[in-house]
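For reference, the structure is listed below as structure tokens.
The values are calculated or read from the model by the stated rules, or taken from the named source; none is laboratory data. Since this is a predicted model, take the numbers as computed values, not measurements. FYI the Cβ positions are ideal-geometry reconstructions off the backbone, even for glycines, and counts take in every protein chain you see. For accessibility, only protein heavy atoms count, side chains too; no ligands or nucleic acids. Shrake-Rupley method; radii C 1.70, N 1.55, O 1.52, S 1.80 Å.
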Protein chains: 2
Amino acid sequence: MQSAAKIDHPCRQCAFYAESVWHPVEQDSLRSLAQNFVRRDLSEGEVLFEQGTDNRGVFCVSRGLIALRTHHADGNSTLLRLAYPGEVIGFRSFLGDGQHQTEARALTPSRVCTVPRSASSHLLQDNPAIMKQLATRCVREIDRTHERICSAATKTYKEQLADLLMTLMDHHGEQQQKGQRHMRLPLSRSDLADLLGVQPETLSRLIKRLEKDGWVQIKGRHVTMLSHPLRDLSASIG
Amino acid sequence: MQSAAKIDHPCRQCAFYAESVWHPVEQDSLRSLAQNFVRRDLSEGEVLFEQGTDNRGVFCVSRGLIALRTHHADGNSTLLRLAYPGEVIGFRSFLGDGQHQTEARALTPSRVCTVPRSASSHLLQDNPAIMKQLATRCVREIDRTHERICSAATKTYKEQLADLLMTLMDHHGEQQQKGQRHMRLPLSRSDLADLLGVQPETLSRLIKRLEKDGWVQIKGRHVTMLSHPLRDLSASIG
DNA sequence: CGGAACGTTGAAAGCTATCAACACCGGTGG
DNA sequence: CCACCGGTGTTGATAGCTTTCAACGTTCCG
């Protein structure tokens, strides 16, 4: 074995290798990436990083579901975003002031790949193309938040909840008999409320109103909806 | 005169030179920057770029005030952001899909410095440090939008309007006699409403309620407020 | 069994959207 | 000079929605 043996890219086995932020890392730096690369498994409810702590690197979700939440001074909190496999988190504080503005917590058992902060910095110096990748993730985040601001200004809470449930169903749903999809909700009622920006009581009533429309049923964490809600049904949501 | 004469950085005379995205441009590329650099003056109400059009470069606000707005399918619109001198706009579509998601319109007579898209791309290739600058602007935009989402979820419209007026006063206000500040509102009532995400009628009533608290007066576009609103006053806003 | 966390329901109060009407202002044209 | 007009901003009344507080039901676990 020679010391110059080709090192395999740590992300190659990942389903999201093609658009990995570390994709641009070239042979010279691959050893550093491979040596510092850390895979970590999180159980449900476990915290990846806490709000207000120093950034310790760049995190990439490999499996599961991570919730990014900011806690406010009054004790309340807002769920800013759900991060699915393939998404990168913690890059804002890595690129920015170095302090996490959000808490990252696993909503389901998850796996996260981490490149520590110092290694990330070095890789970034040697592989400028990585910055372009991070910028792309930034743009995606900006689009996401703009979309959310517009939704909040345009749609009723009921519509927003309907949209949210459809998105969740796309990620977690499984086809069932006769045109129905089913999923286990990965979020508690409080989390759903934090995501919409309403009180839990209101969320409960929104769910009731949604169920009355007939295209979705929600009992506890079990959600069932028509696979292809008719246009006139979704139009009646307003 | 020799052709290798040192070229001055086009942004050097700008008050925001130190944090300009083009600051990292080095001597070799300065000629290209200087040649393509375009200063443009906009009169009040003039459009810099329209939503849905192709990105034509990176824009830096030098003077005045630019409003970034997205128009929705139903004819309504949301004012996403105000861009003050020193801020960069259009970078999202430059880095992203190349289509402007927002409309940029001058709220006051303004000056904008533009580096056309192709020149920007070339400069970015030759000066990778520019990408870091753009990423910093991205992070700032992400922080701004997160802040806004949290505000919307946490504060009442009345508080949001109070915050907005204070921010505007910080930018546009002028000291007056006996601890008062005055400004000419750079936004119409509709724009203010779009910024908060409420209807114009509601904004009118919010203003009335704010005036009843006694620390601010708003007549037309003339706003007067106490220079240092007492703590208990701002606490009574809720 | 008891307790804690989670979720639902009810009633009252407060706020916003909507529709309609009106006031105000600047500019145009007779 | 004045009437008219469109754009802009305000006011009123009503209906619908959310918040808040309090109470109750459920589930899970020690």
TODO: Being under 28 Å from A:HIS146 (Cβ atoms), within 14 Å of chain A (Cβ to nearest Cβ) and touching a residue at least 60 places away in the same chain (Cβ under 8 Å) narrows it down to one of B:VAL88, B:VAL38, so name that one.
DONE: B:VAL88
Task: Output for segment B:144-167, where each listed residue is within 21 Å of A:CYS138 (Cβ to Cβ) and either among the β-branched types (Val, Ile, Thr) or more than 12 Å from chain A (Cβ to nearest Cβ) (or both) - done: B:THR145, B:ILE149
TODO: Take segment B:99-142 and flag every residue that is hydroxyl-bearing (Ser, Thr, Tyr) and either under 19 Å from B:ASP191 (Cβ atoms) or crowded, with 22+ Cβ neighbours inside 10 Å (or both).
DONE: B:THR102, B:THR108, B:SER110, B:SER120
Task: Of all residues making up segment B:15-34, the number that are closer than 21 Å to B:HIS122 by Cβ, touching a residue at least 40 places away in the same chain (Cβ under 8 Å) and not acidic (Asp, Glu) - done: 9
- [ ] May I ask you to list the residues in segment A:87-98 that are open to solvent by 30 Å² or more (accessible area, probe 1.4 Å) and within 14 Å of the chain's Cα centre (by Cα)?
- [x] A:GLU87
Task: Odd one out for A:LEU80, checked against (1) in a loop (DSSP other than H, G, I, E, B); (2) within 14 Å of another protein chain (Cβ to nearest Cβ) - done: (1)
Task: Count of residues meeting criterion [within 16 Å of DNA strand C (Cβ to nearest atom), over 21 Å from A:PRO85 (Cβ atoms) and open to solvent by 40 Å² or more (accessible area, probe 1.4 Å)] in segment A:143-201 - done: 12
Task: Conditions (1) under 23 Å from the mean Cα position of the chain (by Cα); (2) within 12 Å of chain B (Cβ to nearest Cβ): number failed by A:SER121 - done: (1)
- [ ] Residue by residue through segment B:91-111, note down the ones that are of a type in the set (A, V, I, L, M) and within 12 Å of chain A (Cβ to nearest Cβ).
- [x] B:LEU95
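Conditions (1) under 29 Å from A:PHE94 (Cα atoms); (2) modelled with pLDDT of 95 or more, marked per residue:
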position	(1), (2)
B:LEU65	no, yes
B:THR78	no, yes
B:ARG81	yes, yes
B:ILE89	yes, yes
B:ARG111	no, yes
B:PRO116	no, yes
B:GLN125	yes, no
Task: Wholly within segment A:32-72, strands (runs of 3 or more DSSP E) carrying at least 2 residues that are out of contact with any His (no Cβ under 9 Å at 6 or more places or on another chain) and open to solvent by 40 Å² or more (accessible area, probe 1.4 Å) - done: A:38-42, A:57-71
Task: Test: residue in segment A:178-198 that is within 12 Å of chain B (Cβ to nearest Cβ), at positive phi, in contact (Cβ under 8 Å) with a residue 24 or more places away in the chain and not basic (Lys, Arg) - done: yes
